[in-house]
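Here is the structure we will look at, set down as structure tokens.
Values quoted throughout were computed directly from the atomic coordinates according to the rules given, and no laboratory measurement underlies them. As the structure is a computational prediction, the values presented were derived from the model and not from experiment. In this analysis, Cβ positions are derived from the backbone assuming ideal geometry, glycine residues included, and neighbour counts consider all displayed protein chains.
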Amino acid sequence: MNRGGMGNMQKMMKQMQKMQKDMAKAQEELVVKTIEGSAGGGMVTVTINGNKEVTDVIIKPEVVDPDDIEMLQDLVLAATNDALKKMDDLTNETMGKFTKGMNLPGMF
């Protein structure tokens, strides 16, 4: 058997193990991050964590109009979707470093 082939295989396995470790660390770091989304020029702000759980909702008093509850609902929805999109972008940017150049279907 070609000795060089085994050495290359061991080297590749070590690189994969390091990449797995680095990916796990990056995922752990993402979980503790928080992201804010907003709508209505900051009238409604929604904060989510790395698990995509809403952790805070701030609604400025001047946007609360009992005669237009629908607008407030739309602003909360838009701010939540903004936060989720930002978290997805951050996740893709962070985890994409590990899959760059690889053609792995279903990976980030």
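Name the residues in segment 27-78 that are under 19 Å from Thr94 (Cβ atoms), touching a residue at least 24 places away in the same chain (Cβ under 8 Å) and surrounded by 15 or more Cβ atoms within 10 Å (Cβ to Cβ), would you?
Matches in segment 27-78: Leu30, Ile35, Glu36, Gly37, Thr47, Ile48, Gly50.
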Query raised in the report: Inside segment 37-64, can you point out the residues that are part of a strand (DSSP E or B), more than 11 Å from Leu75 (Cα to Cα) and in contact with a Lys or Arg (Cβ under 8 Å, 6 or more places away or on another chain)?
Result: Asn49
Query raised in the report: What are the residues in segment 79-96 that are loosely packed, with under 14 Cβ neighbours inside 10 Å and closer than 18 Å to Ile59 by Cα, if any?
Result: Asn81
